[in-house]
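Beneath this line is the structure, given in structure tokens, with notes to follow.
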Amino acid sequence: MSRSTGRRKLLFLVHVEPMFEKFFPENYLKFVQLAARKFDRVIALDSQVDIGVCPEVQRIDGVEIMGWGWGYERGEDYGNGIENTIVSYGHEATWVPDWLLEMNVDMYDVVIAGGYDTECLEDWRCVLDYLSIPFREWRHIVY
């Protein structure tokens, strides 16, 4: 992590879910919980495919759980009525969620973590790049 800019800090945790635990490094969930304390706002992205984000993430003070996953098709309308899919390197197409379009992200230093690094996390990078939202990755809590 680089020096603070004095702005609030926002952490997006991508798909830290029980169905992916086999990919987590040792003590991963403990590191996630400790890391979350350094942020003013934590948003955990739930794929809505299985049982939700890990209980350890749900217990993070103030965590917000937002739906966002994979399996989208180009040209489909997923609610926002605008160009809402982009070419992605992780999966074929990625949804730009309405709730992200409505957020005032400019007030935050954005950090991303979670996984899976070359799939869903890559999709989230593409979404943020598409919206010209600058971000950093906290590689210590990427799986």
- [ ] Kindly provide the set of residues from region 10-23 that are surrounded by fewer than 17 Cβ atoms within 10 Å (Cβ to Cβ) and of a type in the set (A, V, I, L, M, F, W, C), ordered by number.
- [x] Met19, Phe23
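I'd like the residue in region 115-143 that is in a strand (DSSP E or B) and touching a helix residue (DSSP H, G or I) at 6+ places or on another chain (Cβ under 6 Å) and, out of all such residues, is farthest from Tyr28 (Cα to Cα).
That would be Phe135.
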Open item on the list: Please verify whether Ile112 is at pLDDT 95 or above, crowded, with 18+ Cβ neighbours inside 10 Å and under 28 Å from Pro25 (Cβ atoms), treating the condition exactly as stated.
Closed with: yes
Open item on the list: Within region 72-107, take every residue that is small (Gly, Ala, Ser) and in a loop (DSSP other than H, G, I, E, B) and give me the one that is modelled with the lowest pLDDT.
Closed with: Gly81
- [ ] Would you mind telling me which numbered condition in (1) touching an Asp or Glu at 6+ places or on another chain (Cβ under 7 Å); (2) part of a strand (DSSP E or B); (3) farther than 18 Å from Arg8 by Cβ Gly52 fails?
- [x] (2)
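The values are calculated or read from the model by the stated rules, or taken from the named source; none is laboratory data. Only a predicted model underlies this, so the values are computations on that prediction, with no experimental measurement involved. Heads up, the Cβs are rebuilt from the backbone with ideal geometry, glycines too, and the neighbour counts pull from every protein chain shown.
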